[in-house]
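To start, the structure under review is shown below, and the notes come after it.
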Amino acid sequence: MCAALQPDELFQAAQQRAATISLPRAQEAQEQLRAQALALFARIPEPPVYHRAEDPARKAAESLLPELEKVLALALAVAREAGHWEATERILAALKAHGEALCHTEGGRLVQAEEAWRRALELERLAHPTRALGTKETAPQPVYDRTSGASRFDPRQESVAQVKLVCPNTGCKRINDYGYVTGPGTRRYVCPACGTPFLAYFGELRGLEIEHKSSSRRYYFTVDEVRGSGSARIEFEEASGEEFPVARRDLLVFLYTEARELKVVLNLTNNRLMWISPAGSCFVVTAAFGEGAPELVAFREFRDEVLRRHGMGREFIRVYYRYGPGVAEWVVRRPGVRRGVRGVLKQVHRVLKTTRSAGT
């Protein structure tokens, strides 16, 4: 890119690139856009306040412009393919404002850069509304209201936001509204459907690492406390293979049973959730034969070596890990059903062993 790049030139280049982008899966592209845009926003520097030789902010702007053009092109392609989507429009507006600020910063036009950058920050905030969950006030309070006699300095209650959470307890999984007051720490709720308590830890995502294993993934979440000074690192292994779209600064909720067993991770920013299926879980087979039974080996090998290699097999695994625990619990409570299931699974196990022997 040339040193005198203008915002219009940047936008035109992004439009030309967008025309070459094909998006067969609009929803996945939307999540990809959100993640890339939020990661880019976090790296954009504040414009300098005065001119100086070899300004590092101008160099940083120059290095970020190609990436911004790429993400802006993706946003334009998503807007074209996916139609009207408010979140895309907000991200697109923030990207354009940041692109304008970077162009002016690189070109040494500091007044225009400052104006565009401040506008970009406001648009960025609108593109990520859950950051203000439970903290937004409707209007500034007067110092003293003669009509009501209320003063700004009177003690006020914390604002309570309504959030939708899913009960993590086995056999329930009902979604209900719960009150949430922003602040650090874990909250205890009671599900109104099943009457069972559960725990919820709210945190803003700072970083995520995923370790891919042969039949599972290990997640390492680093989250900052909401309106707190601390952070937490939450790690677990998950075997369903289900995708969990998430981006930096998303507001996450980790839902535990009262015994502090992590069951669900919920992303309040995009309303996506992941039911955690521990690696090695074969719920119905375990219910039929018992934990540690030798039959489990063949079923797990079939899952890892056959089902995971095909799209329909992976979809079966995803559905199984979603509903398997409830089915297994139902089987365990009915001895007659358990005997019948065990008889059927013995026949399946015999076929799996025969097939494996023939293959070797």
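The values are calculated or read from the model by the stated rules, or taken from the named source; none is laboratory data. Being a predicted model, the structure only gives us computed values, none of them experimental. Positions of Cβ are generated from backbone atoms using ideal geometry, with glycine treated the same way; all protein chains shown enter the neighbour counts.
For every residue, the table says whether it meets (1) within 15 Å of Val264 (Cα to Cα); (2) in contact with a strand residue (DSSP E or B) (Cβ under 6 Å, 6 or more places away or on another chain); (3) not assigned by TED's automatic domain parsing to the domain that holds Ala259.
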{"position": "Val181", "(1), (2), (3)": "no, no, no"}
{"position": "Tyr189", "(1), (2), (3)": "yes, yes, no"}
{"position": "Gly195", "(1), (2), (3)": "no, no, no"}
{"position": "Arg218", "(1), (2), (3)": "yes, yes, no"}
{"position": "Phe221", "(1), (2), (3)": "yes, yes, no"}
{"position": "Asp224", "(1), (2), (3)": "no, yes, no"}
{"position": "Gly228", "(1), (2), (3)": "no, no, no"}
{"position": "Arg233", "(1), (2), (3)": "no, yes, no"}
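Of all residues in segment 305-326, which are farther than 15 Å from Trp275 by Cα and more than 24 Å from the chain's Cα centre (by Cα)?
Glu305, Val306, Leu307, Arg309, His310, Met312, Gly313
Name the single residue that is nearest to Thr88 (Cα to Cα) among those in segment 22-42 being of a type in the set (D, E, K, R) and modelled with pLDDT under 85. Walk me through how you get there before you give the answer.
Taking segment 22-42 and keeping what is of a type in the set (D, E, K, R), we get 25, 28, 31, 34.
Imposing the further condition that a residue be modelled with pLDDT under 85 reduces the set to 25, 28, 31.
Values: Arg25: 15, Glu28: 13, Glu31: 10 Å.
Top of the filtered list is Glu31.
If only one of Ala60, Ala79, Ala73, Ala93 is of a type in the set (A, V, I, L, M, F, W, C) and buried (at least 20 other Cβ atoms within 10 Å of the Cβ), which one is it? Spell out how you get there, then give the answer.
Details: Ala60 fails: buried (at least 20 other Cβ atoms within 10 Å of the Cβ); Ala79 fails: buried (at least 20 other Cβ atoms within 10 Å of the Cβ); Ala93 fails: buried (at least 20 other Cβ atoms within 10 Å of the Cβ).
Matching residue, one of Ala60, Ala79, Ala73, Ala93: Ala73.
For segment 208-217, what are the residues that are surrounded by fewer than 15 Cβ atoms within 10 Å (Cβ to Cβ) and at pLDDT below 85?
First, the residues of segment 208-217 that are surrounded by fewer than 15 Cβ atoms within 10 Å (Cβ to Cβ): 209-214.
His212, Lys213, Ser214 - these are the residues of segment 208-217 that are surrounded by fewer than 15 Cβ atoms within 10 Å (Cβ to Cβ) and at pLDDT below 85.
So which of Glu106, Glu100, Glu124, Glu81 is touching a residue at least 12 places away in the same chain (Cβ under 8 Å), in contact with a Phe, Trp or Tyr (Cβ under 7 Å, 6 or more places away or on another chain) and not small (Gly, Ala, Ser)? Before the answer, list the steps.
Numbers: Glu106 fails: in contact with a Phe, Trp or Tyr (Cβ under 7 Å, 6 or more places away or on another chain); Glu100 fails: in contact with a Phe, Trp or Tyr (Cβ under 7 Å, 6 or more places away or on another chain); Glu81 fails: in contact with a Phe, Trp or Tyr (Cβ under 7 Å, 6 or more places away or on another chain).
Unique residue meeting the criteria: Glu124.
Condition check ((1) of a type outside the set (Gly, Ala, Ser); (2) assigned to a helix (DSSP H, G or I); (3) at pLDDT below 80) across all residues:
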site: Arg248; (1), (2), (3): yes, no, no
site: Leu255; (1), (2), (3): yes, no, no
site: Ala279; (1), (2), (3): no, no, yes
site: Gly336; (1), (2), (3): no, yes, no
site: Val341; (1), (2), (3): yes, yes, no
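Taking the condition of being in a strand (DSSP E or B) and in contact with a Cys (Cβ under 9 Å, 6 or more places away or on another chain), how many residues in segment 179-225 meet it?
Keep residues of segment 179-225 that are in a strand (DSSP E or B), which gives 179-180, 186-190, 197-212, 217-225.
Of the ones still in play, those that are also in contact with a Cys (Cβ under 9 Å, 6 or more places away or on another chain) are 189, 197-198.
So the count comes out to 3.
Can you list residue pairs whose Cβ atoms sit under 7 Å apart, with the first residue in segment 35-57 being assigned by TED's automatic domain parsing to the domain that holds Ala247 and the second being among the β-branched types (Val, Ile, Thr)? Count only pairs 6 or more apart in sequence or on different chains.
none
Specify which of the listed residues (Trp275, Trp330) is closer than 23 Å to Glu237 by Cβ and either among the basic types (Lys, Arg) or modelled with pLDDT of 80 or more (or both). Walk me through how you get there before you give the answer.
On the way: Trp330 fails: closer than 23 Å to Glu237 by Cβ.
One residue alone meets the criteria, Trp275.
Okay, residues lined up against (1) of a type outside the set (Val, Ile, Thr); (2) more than 34 Å from the chain's Cα centre (by Cα); (3) closer than 17 Å to Ser216 by Cβ; (4) surrounded by 13 or more Cβ atoms within 10 Å (Cβ to Cβ):
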site: Phe254; (1), (2), (3), (4): yes, no, no, yes
site: Ile276; (1), (2), (3), (4): no, no, yes, yes
site: Phe289; (1), (2), (3), (4): yes, yes, no, yes
site: Arg303; (1), (2), (3), (4): yes, no, yes, yes
site: Trp330; (1), (2), (3), (4): yes, no, no, yes
site: Gly336; (1), (2), (3), (4): yes, yes, no, no
site: Arg342; (1), (2), (3), (4): yes, yes, no, yes
